[in-house]
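Since every read-out is calculated from the coordinates, none of them should be taken as a lab result. Source: prediction; values computed, not measured. In this analysis, Cβ positions are derived from the backbone assuming ideal geometry, glycine residues included, and neighbour counts consider all displayed protein chains.
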Ligand SMILES: C[S@@+](CC[C@H](N)C(=O)[O-])C[C@H]1O[C@@H](n2cnc3c(N)ncnc32)[C@H](O)[C@@H]1O
């Protein structure tokens with residue numbers, strides 16, 4: 001990272017807290033002003049020793065931005081005042097540290113003042129000091145005023161709260177609260193190689209205890225997150241990082257040995273690996289994605305897992321030239337979506353999505369589902385899944401296919417009996433974000449044999 005220090009900056013080297021706040025302010029600005037995802041913003045070169053702390057402050061600030069910004073930014077206001085985007089981000093990062101961290105307030109304010117200088121905002125250093133000190137003095141009153149509004153209290157945009165209210169009126173507050181929690185680190189165990197019980201024992205012996213996740217036979221949660229390199233057998237592919245709700249997709253489609261299976265939106269390959277492991281024997285898996293760069297990550301994942309699939313770089317659509325014309329026994333369509341079920345893992349979604357995005361996603365999802373249908377054999381299974389909790393991207397898309405294709409019929413969940421984490425959506429089933437995992441939607445369809453195809 002370049003220092004960006006001006007001639008008037010203090011001679012002493014910046015401390016850790018200063019570097020963390022400056023790094024987080026840059027990343028938050030990249031999300032808010034350039035529309036980058038938090039992952040992309042945090043992929044920029046950062047001070048290595050501070051990387052974990054910069055990640056934590058950035059994600060925390062993005063998580064609470066829509067509550068903190070209306071409390072702290074009005075304190076800047078002077079008629080006609082133009083403020084630098086990095087200054088606004090720095091103030092909200094500072095307010096986040098004052099409100100949600102255990103650091104001494106005076107240390108945070110001093111670090112924010114130094115961070116302003118470090119970012120080349122020397123003339124704003126006094127302002128940062130004044131605004132954050134006033135926020136400290138008045139924060140109870142300032143936040144109480146913000147918290148009168150439900151959306152601001154939970155740091156969500158109004159339009160999303162209204163969409164969630166319309167879809168899940170009884171669960172609204174629990175969804176909003178779950179979206180602001182720190183998600184646990186969850187693992188998928190390749191149970192064809194080691195049982196969950198045996199892997200839990202290895203974890204305990206390794207000093208990284210975990211526990212099995214009910215209703216998802218391959219999943220466990222770690223008590224405390226650790227770097228993957230410290231997980232026994234990670235490099236050898238015995239375990240992968242994956243939320244239980246994402247794992248459920250492969251268990252639901254339940255590929256069987258010998259089947260021809262299509263993973264239709266495969267990258268970066270989390271569910272590709274899960275499908276190969278769930279089959280319990282060899283399957284002919286085609287993993288397709290329209291994004292060449294992301295497809296390389298599927299290859300990396302498969303290499304680590306020691307598994308094989310045919311990788312295809314192509315967009316799903318009419319007249320697929322990558323297809324030999326032999327229909328698939330099973331298809332997973334894990335469609336691109338708003339990600340409104342995984343906000344706890346990606347808080348930037350609250351700031352990046354716009355209300356109009358939902359209809360655009362729905363139109364794309366409908367087209368992808370229609371493109372998959374001719375590829376499925378009569379009697380085969382197609383699982384449509386998203387990590388959205390909005391019906392427009394889920395039940396409405398599947399209902400559209402069921403209406404358009406008289407040979408399409410919905411299948412019940414695996415085992416026929418839905419577990420308590422699944423809510424019926426007619427068609428399909430929804431998991432809401434919470435203790436059981438991320439928010440995910442699933443609808444399993446079959447093509448009736450002998451029916452007329454359109
Ligand atoms: C939700 S992600 C898939 C995640 C993946 N299944 C996993 O578990 O790791 C959706 C993917 O759909 C891909 N995609 C979007 N439009 C597509 C299209 N027309 N054809 C094929 N893939 C597409 C995107 O590149 C993205 O990788």
Taking the Cα-to-Cβ direction at residue 354 and at residue 290 and moving 7 Å from each Cα, how far apart do the two end points lie in nm?
-> 1.9 nm
Answer rounded, prolate or oblate for region 159-260, using the Cα gyration tensor with square roots of eigenvalues a ≥ b ≥ c: rounded when a/c is under 1.5, else prolate when a/b is larger than b/c, else oblate.
-> oblate
Cα principal axis extents for region 111-181, largest first, Å = 48, 25, 20
Over region 262-370, what number does the Rg to Rh ratio reach, with both radii from the alpha-carbon atoms and Rh per Kirkwood?
-> 0.99
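Taking the beta-carbon count within 10 Å as an exposure proxy, list 253, 32 from fewest neighbours to most.
On the way: 253 25, 32 20.
Sorted ascending by nearby Cβ count, the order is 32, 253.
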Computed over the Cα atoms of the chain, what is the ratio Rg over Rh, Rh following Kirkwood?
-> 1.01
Extent along principal axes [Cα atoms of region 186-240; Å; largest to smallest] | 25, 22, 16
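Most exposed first by the Cβ proxy, i.e. fewest other Cβ within 10 Å, how do 389, 417, 216, 226 rank? Before the final figure, lay out each step's value.
Numbers: 389 30, 417 8, 216 22, 226 15.
So the residues, fewest neighbours to most, are 417, 226, 216, 389.
If each DSSP helix of 4+ residues adds -39,500 (n - 2.57) and the sum is divided by the residues in the chain, what number results at 222 nm, nearest 500 deg cm²/dmol?
Details: 16 runs with 196 residues, N = 454.
About -13500 deg cm²/dmol.
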Tensor-based shape of region 16-148 (alpha-carbon gyration tensor, a/c under 1.5 rounded, otherwise prolate or oblate) | rounded
Between the alpha carbon centres of region 15-92 and region 126-196 the gap in Å comes to 17 Å
Pair residue 123, residue 297: separation of 7 Å Cα→Cβ label points (nm) = 4.1 nm
Please work out the Kirkwood hydrodynamic radius for region 358-421, using every pair of different C-alpha atoms, and report it in angstroms with one decimal place.
-> 12.9 Å
Point-to-point label distance, residue 419-residue 40, nm (Cα→Cβ direction, 7 Å offset) = 3.5 nm
Paramagnetic label zone (point 7 Å from Cα along Cα-to-C-beta, residue 326; backbone N under 20 Å) in region 246-266 | 255-264
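Where does each of 234, 440 land when they are ranked from fewest to most other beta-carbon atoms within 10 angstrom? It would help to have the intermediate numbers written out before the result.
On the way: 234 16, 440 30.
If I rank by nearby Cβ atoms, fewest first, I get 234, 440.
Rounded if a/c is under 1.5, else prolate if a/b beats b/c, else oblate: with a ≥ b ≥ c from the C-alpha gyration tensor eigenvalues square-rooted, which is region 244-447?
Working: a/c = 1.28, a/b = 1.18, b/c = 1.08.
Rounded is the answer for region 244-447, as its axis ratio a/c remains below 1.5.
With both bridge residues required to lie in the chain, what share of the DSSP beta bridges run antiparallel, to the nearest 5%? Can you show the working numbers first?
Working: 25 of 42 bridges.
Approximately 60 percent, going by the DSSP bridge assignments.
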